[in-house]
1. Condition (residue is at pLDDT 95 or above, within 15 Å of ligand 1 (Cβ to nearest atom) and under 28 Å from residue 229 (Cα atoms)) applied to region 284-299: is it met by at least one residue?
2. When region 331-363 is examined, which residues are found to be touching a residue at least 12 places away in the same chain (Cβ under 8 Å), more than 12 Å from ligand 1 (Cβ to nearest atom) and outside any helix (DSSP H, G or I)?
3. I need a count of the residues in region 194-207 that are part of a strand (DSSP E or B) and within 18 Å of residue 286 (Cα to Cα).
4. With the structure loaded, tell me whether residue 78 is in contact with a Leu (Cβ under 7 Å, 6 or more places away or on another chain), away from ligand 1 (no atom under 13 Å from the Cβ), farther than 21 Å from residue 348 by Cβ and touching a residue at least 12 places away in the same chain (Cβ under 8 Å) or whether it fails that test.
5. Does residue 347 fit the bill of being within 16 Å of ligand 2 (Cβ to nearest atom), under 26 Å from residue 27 (Cβ atoms) and not aliphatic (A, V, I, L, M)?
6. When the residues of region 307-325 are narrowed to those that are over 17 Å from residue 210 (Cβ atoms) and surrounded by fewer than 18 Cβ atoms within 10 Å (Cβ to Cβ), which ends up nearest to ligand 1 (Cβ to nearest atom)?
7. Please find, within region 208-217, the residue that is surrounded by the fewest Cβ atoms within 10 Å (Cβ to Cβ) out of those that are at pLDDT 95 or above and away from ligand 2 (no atom under 15 Å from the Cβ).
8. Listed residues 146, 161, 200; which is more than 16 Å from ligand 2 (Cβ to nearest atom) and buried (at least 21 other Cβ atoms within 10 Å of the Cβ)?
Amino acid sequence: MSIWNLKAERIVGIDISSTAVKLLELSQSGKKRYKVESYAIERLPEKSIEDKNIVPDKLEDVGTIIGKLVKKAKPIAQHAAVAVAGPAVITKTINMDGDLSDQEMKDEIEEEPAQYLGQDNEEEISFDFQVIGPNEKEPERVDILLAACSSEILEARTTVLEMGGLKTKIVDIEKYALENAFLMLTQNDPEINEDETIALIEIGATTTMMSVLGEQKIIYTNEEMFGGKQLTETVQTHYGLNSYEEAEFAQRSGELGDDYEKTHLEPFKDEMAQQISRMVQYYYASDASSHYGKLSHILIAGGCASIPNIIEPINNKVGGHVTIVNPFAQMSIASRVRKKDLMNNATALMTVCGLALRTFDEK
Ligand SMILES: Nc1ncnc2c1ncn2[C@@H]1O[C@H](COP(=O)(O)OP(=O)(O)OP(=O)(O)O)[C@@H](O)[C@H]1O
Ligand SMILES: [Mg+2]
């Protein structure tokens, strides 16, 4: 390493999600002690994102919004970590001859992608991979985590960041970014012991993701198409609101009155509790659970975890030790950050937090 390289480049996390673009920048003081340096969130107009990808003719709009976000948050970092997600991203564990160099592995995968991905792709694909360790059955081979994504989708991310004034340094996978924040949370929570089996369930606008941590590794994941979008769509139709954004705003404002609470919000909360309960049952029916056992904590995250009094219906359906996450509980916050707004959105900031934490990964 060059002596001039000591001052590592800090990275700002940018989560381009189904409903918003979220920015978060962290610094570190002491081991595992983090500080929020900058933060902002900007809502995206409806139909900017489909299947978690930026709609091709909306690139400029999203770029402009990122520019606004950067202006608002004024991060110190000029480099960003983003994530790709959705059906266009494939991750797979493969194994290869352990004697191959990284370059040889790369060449081999690039030569015959279909063999490794298990499918033919007509469009151009970008790959990345990481060696996990020796294969259990054939020790001379190594297990490799292979990630593949359409190059067009990847480029769309770097393009909008550039339009917003940021350079892309890391392209992560949404699920891994979320799990990265999950690990940080469990390691910093004084109430959680290292050997516990813990679930994180994140309910966003379009998807619900579940990850289970056992013996400090992710041992189970599941994803379902469930989210707050269905409530927003009902609100828009029922109250005759002009746009999805207006419905989103109304839904959060608490100004829709009793009728909204009784007819729309309460049934949604019950449905959400039902969904969580079902996912927990799926885990209990899995092989992973026969080895790692009962969940000692169930952490609930995502924008939907901020719905007032959501914990009660979940507790009634699921039982056990259910908590709403706050990734910033053990962090300090710079005075220039709007703390109230950060805390109001805390549950929706797990993914961006996982991205911002990439700054501290070993370079
Ligand atoms: N107070 C509230 N009442 C009702 N719904 C809420 C409230 N606060 C947040 N939500 C819902 O949370 C959802 C947004 O959550 P989040 O920001 O985690 O989603 P996202 O990251 O954009 O979506 P995805 O991860 O699916 O791409 C919206 O559907 C919104 O309606
Ligand atoms: Mg999300």
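The values are calculated or read from the model by the stated rules, or taken from the named source; none is laboratory data. All of these numbers come straight from a predicted model, not from anything done at the bench. Cβ atoms come from the backbone with ideal geometry, glycine included; neighbour counts cover every protein chain shown.
1. The answer is yes; a qualifying residue exists.
2. Across region 331-363, the qualifying residues are 331, 332, 333, 334, 336, 337, 338, 363.
3. So in region 194-207, the residues part of a strand (DSSP E or B) come out as 198-203.
Subsequent filtering for residues that are within 18 Å of residue 286 (Cα to Cα) retains 198-201.
Selection size over region 194-207: 4.
4. Numbers: in contact with a Leu (Cβ under 7 Å, 6 or more places away or on another chain): yes; away from ligand 1 (no atom under 13 Å from the Cβ): yes; farther than 21 Å from residue 348 by Cβ: yes; touching a residue at least 12 places away in the same chain (Cβ under 8 Å): yes.
So residue 78 fits the description; yes.
5. Details: within 16 Å of ligand 2 (Cβ to nearest atom): yes; under 26 Å from residue 27 (Cβ atoms): yes; not aliphatic (A, V, I, L, M): yes.
Answer is yes for this residue.
6. Taking region 307-325 first, the residues over 17 Å from residue 210 (Cβ atoms) are 307-309, 311-313, 315-316.
From what is left, the residues that are surrounded by fewer than 18 Cβ atoms within 10 Å (Cβ to Cβ) are 308-309, 311-312, 315-316.
Numbers: 308: 6, 309: 10, 311: 13, 312: 15, 315: 18, 316: 19 Å.
If we take residues in region 307-325 being over 17 Å from residue 210 (Cβ atoms) and surrounded by fewer than 18 Cβ atoms within 10 Å (Cβ to Cβ), then 308 is nearest to ligand 1 (Cβ to nearest atom).
7. Going residue by residue through region 208-217, those that are at pLDDT 95 or above are 208-214.
Among the residues that remain, those that are also away from ligand 2 (no atom under 15 Å from the Cβ) are: 212-214.
Numbers: 212: 24, 213: 24, 214: 19.
Only one residue fits best here, namely 214.
8. On the way: 146 fails: buried (at least 21 other Cβ atoms within 10 Å of the Cβ); 200 fails: more than 16 Å from ligand 2 (Cβ to nearest atom).
Exactly one residue qualifies, and that residue is 161.
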